[in-house]
Amino acid sequence: MRASRTLSSRGINMNTNVNTETNSHPLDRCSGVELEAAVALLKQSGNLSEEAYFANGFADEPDKEVVLGFKAGTPFERVIRLIGHDPKQKQSFDARVSLTKNELVQFLWIEDGQAAVTGVDVIKSIKLLHKNSDWLEAMSKRGIEDLSLVHVEPWVAGRRPEGMSANARAFSAIFFLHKELEDNHYARPVEGLIAHVDVDSDQVIIEDHGVVPIPEDDGEYAANRVQSLRQDLKPLEITQPEGPSFEVEGQVIKWQKWKMHVSVNPVEGLVLHDVRYDDDGNDRPILYRASLSDMVVPYGDSSPMHNWKHALDSGETNMGHGANSLSLGCDCLGEIYYFDNTILKANGEAQEVKNVICLHEEDYGVLWKHTNMMLEKPIPEVRRSRRLVVSCFHTVGNYEYGFYWYFYQDGTIQMEVKLTGHIGASVVPDGIGTDTSPMVAPMISSPIHQHLFCFRLDFNLDGAQNTVCETNVEALPVGPDNPLNSGFRAVTTPFKSESEAKREVDPMKSRSWKVINAAVRNQVDQPVGYKLLPQSSPVLLSGDESLPAKRGAFAKHNLWVTPYQSDELYADAGPFSNLHSGGAGLPAYTSKDRAIDDTDLVVWHTFGVTHVPRPEDWPIMPVEYAGFTLLPVGFFDQNPALDVPPPSKACHD
């Protein structure tokens, strides 16, 4: 994004008396005291009006060298980043406050893009509509008199409608009608009506495409509102009499030779730092940082109710602020450890959110097995697989996203995204759907759309000097080396530059990508490596000149690789993606076509689903899965799970 008015590094000094020595590690989450102290410093600086409000606040991560070289007890600078919006200025701001130096060290007005949507924006949008004569008339035309039954859902607009200011803080609201306030409002869309609201200027523009009947079916899903529940489901209980196998100290987890630091960022959600594996006493780094960078949800239906939608759900809506307070037995099952989080509310006050990260372990079937049939009495050697689960669940409007990191005893790492919630809905009185919006219920169609996630994977594979290679499997040509015409081979090619590394998934070639450290060799003299094994994933289907393609360009490729830069954290405009014109993030980073071989590098992997809705997705969508796997390839000298003990007792007598 473009920004202006940078405060000098000397900053503005105020006395807040915050003890920064209470933090034991540079990556520790913010305390409420820290956030509110930073807010106080910023407010006292005079940069903001009294109307300003906050979108988020979080600890600004120190340089990688500081974190990796940190020793317990070593002092470090604690910087809090504060992001928000000032209606009087009609701009969003980005500030950094050093609690260590007790000063405001940077302040920027953002020229392109705005801070994420907040509760202030939602509430003001609703209030403006309730006193807007055009909106009231549109409701009356539809026979809606009790406005308390109208659910107003302001969407991040992605653009400003004609007639609205070029710097408007714009939202596009759609509507649903309750029969009673506890029911499923998504079952009754108010079709044909969109309200565009500028919460800075109070301008409202009504877009009315005509009155359409509102469905009567209830579309209920809550346990106390469905007709009946199954009666034959027996209890399933997970018990660990001796407790779980993991250890937790602060935000650091140790389990089965794995070690990592976990946290929740307001923009990215669940973040892993410094993922390591203890290889027979050798502490081996694998990932320095791993997180969702952003995602885009483009809609494929040409209906005016949906054709503008392309939510960037991480940067535009603060994915981390939507993290659920998880419930034992529903979200997580077994012996659970929870991590809490602290967020910054719009008014500058801190709020503690309990149980946002769930940590537990699961049995995962067979890890490995073989029966030696040559023995007189064949006895199978079998090991049970256990995996560590680090997870968060987020609500973003009508959708839920679960992000699950799995760590396995054989060195495998897996990311699984669980998608559920409510699908978008259109009213179709004649019951005839289209190929862009198929029918899912009587009078209800649902637009086809995509969910494309871009994960930022900052590798540190046995050190910072890494290279990315692509492996394709191809048939061997007929010849002396392939006399039966049955052979095929794996061909591996290293990437030298950013342009070479813009790649797509190809299941026909069993394509995968591998990060290697050429300076570290295994016992068969291969460079140690980890393979990124993608799913069969689409890329962005919206046209190149469309807003989704400009603002969510990271989704045009399944793979990007960049050299590490501390300020290149986001695949797009990050915390200022809201109403950004596009071109930020990966397109800008890679425009110089920098070298990426044998260097400190970052892998960006975009994956997801193209969702063609079906009746079974109504009224609530069963979980759909997307993700990727990181597999050790020559990182170990042999199967690292040989030392997993057999079950302590026979599985069946």
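Yes/no per residue for (1) touching a Ser or Thr at 6+ places or on another chain (Cβ under 8 Å); (2) more than 22 Å from ALA588 (Cβ to Cβ):
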residue: ASN522; (1), (2): no, yes
residue: GLN526; (1), (2): no, yes
residue: PRO534; (1), (2): yes, yes
residue: LEU540; (1), (2): no, no
residue: SER546; (1), (2): no, no
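Among the residues of the range 618-640, how many are within 15 Å of VAL515 (Cα to Cα) and in a loop (DSSP other than H, G, I, E, B)?
4
When the range 178-199 is examined, which residues are found to be assigned to a loop (DSSP other than H, G, I, E, B), among the charged types (D, E, K, R) and open to solvent by less than 20 Å² (accessible area, probe 1.4 Å)?
If the condition is that a residue be assigned to a loop (DSSP other than H, G, I, E, B), among the charged types (D, E, K, R) and open to solvent by less than 20 Å² (accessible area, probe 1.4 Å), then ASP183, ARG188 are the ones that fit.
If we keep just the residues of the range 512-541 that are of a type in the set (S, T, N, Q) and open to solvent by 30 Å² or more (accessible area, probe 1.4 Å), which is modelled with the lowest pLDDT? Quick ask: steps written out before the conclusion?
Residues of the range 512-541 of a type in the set (S, T, N, Q): 512, 517, 522-523, 526, 535-537.
Add one more test, that the residue is open to solvent by 30 Å² or more (accessible area, probe 1.4 Å), and what stays is 523, 526, 535-536.
Working: GLN523: 97, GLN526: 98, GLN535: 96, SER536: 93.
By that ranking, first place goes to SER536.
Any chance you could count how many residues in the range 214-224 are of a type outside the set (Ser, Thr, Tyr), out of contact with any Asp or Glu (no Cβ under 8 Å at 6 or more places or on another chain) and closer than 17 Å to ALA425 by Cβ?
Result for the range 214-224: 4.
Consider THR562 against the criteria (1) surrounded by 15 or more Cβ atoms within 10 Å (Cβ to Cβ); (2) over 27 Å from ASP63 (Cα atoms); (3) of a type in the set (Ser, Thr, Tyr): it satisfies all of them except one. Which criterion is unmet?
All conditions pass for THR562, except number (2).
Determine which member of the set ASN558, ASN522, ASN517, ASN578 is within 20 Å of the chain's Cα centre (by Cα), of a type in the set (S, T, N, Q) and farther than 20 Å from PHE628 by Cα.
Sole residue among the options that is within 20 Å of the chain's Cα centre (by Cα), of a type in the set (S, T, N, Q) and farther than 20 Å from PHE628 by Cα: ASN578.
Out of all the residues in the range 392-419, which are part of a strand (DSSP E or B) and over 14 Å from the mean Cα position of the chain (by Cα)?
TYR406, PHE407, TYR408, ILE413, GLN414, listed by residue number.
From the residues in the range 476-498 that are out of contact with any Leu (no Cβ under 8 Å at 6 or more places or on another chain) and assigned to a strand (DSSP E or B), which one is nearest to HIS557 (Cα to Cα)?
Among those residues, the one meeting the criterion is SER497.
Residues in the range 367-391 that are open to solvent by less than 10 Å² (accessible area, probe 1.4 Å) and part of a loop (DSSP other than H, G, I, E, B): how many?
0
Here is a yes/no grid of residues against (1) at pLDDT 95 or above; (2) charged (D, E, K, R); (3) closer than 30 Å to VAL520 by Cβ:
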{"site": "PHE607", "(1), (2), (3)": "yes, no, yes"}
{"site": "THR610", "(1), (2), (3)": "yes, no, no"}
{"site": "PRO613", "(1), (2), (3)": "yes, no, no"}
{"site": "ILE620", "(1), (2), (3)": "yes, no, no"}
{"site": "LEU630", "(1), (2), (3)": "yes, no, yes"}
{"site": "PRO647", "(1), (2), (3)": "no, no, no"}
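Output the residues belonging to the range 394-422 that are among the β-branched types (Val, Ile, Thr) and either buried (at least 22 other Cβ atoms within 10 Å of the Cβ) or touching a Cys at 6+ places or on another chain (Cβ under 8 Å) (or both).
ILE413, VAL417
With respect to TYR570, determine if the residue is under 17 Å from the mean Cα position of the chain (by Cα), aromatic (Phe, Trp, Tyr) and on the phi < 0 side of the Ramachandran plot.
Considered against the rule, which asks whether it is under 17 Å from the mean Cα position of the chain (by Cα), aromatic (Phe, Trp, Tyr) and on the phi < 0 side of the Ramachandran plot, TYR570 comes out as yes.
Considering only the range 474-511, state which residues are polar (S, T, N, Q) and either open to solvent by 30 Å² or more (accessible area, probe 1.4 Å) or closer than 30 Å to GLN565 by Cβ (or both).
Listed by number, the residues that qualify are ASN485, SER486, THR492, THR493, SER497, SER499, SER510.
Restricting to the range 300-342, count the residues that are at positive phi and open to solvent by 40 Å² or more (accessible area, probe 1.4 Å).
Here the count works out to 1.
Just checking, how many residues over the range 544-559 are open to solvent by 10 Å² or more (accessible area, probe 1.4 Å), touching a strand residue (DSSP E or B) at 6+ places or on another chain (Cβ under 9 Å) and in a loop (DSSP other than H, G, I, E, B)?
Matching residues across the range 544-559 total 2.
Can we say ALA55 is touching a residue at least 40 places away in the same chain (Cβ under 8 Å) and under 23 Å from SER314 (Cα atoms)?
Values: touching a residue at least 40 places away in the same chain (Cβ under 8 Å): yes; under 23 Å from SER314 (Cα atoms): yes.
For ALA55, the condition - touching a residue at least 40 places away in the same chain (Cβ under 8 Å) and under 23 Å from SER314 (Cα atoms) - is met.
GLY583 - would you say it is at positive phi and buried (at least 20 other Cβ atoms within 10 Å of the Cβ)? Break it down into steps so the answer makes sense when it comes.
On the way: at positive phi: yes; buried (at least 20 other Cβ atoms within 10 Å of the Cβ): no.
Taking the combined requirement at face value, the residue does not satisfy it.
The values are calculated or read from the model by the stated rules, or taken from the named source; none is laboratory data. All values reported here derive from a predicted model rather than from experimental measurement. Cβ sites come from the backbone with ideal geometry, for glycine too, and all protein chains shown count toward neighbours. Each accessible area value is taken on the protein alone, full model and side chains, heavy atoms only, with ligands, DNA and RNA left out. Shrake-Rupley method; radii C 1.70, N 1.55, O 1.52, S 1.80 Å.
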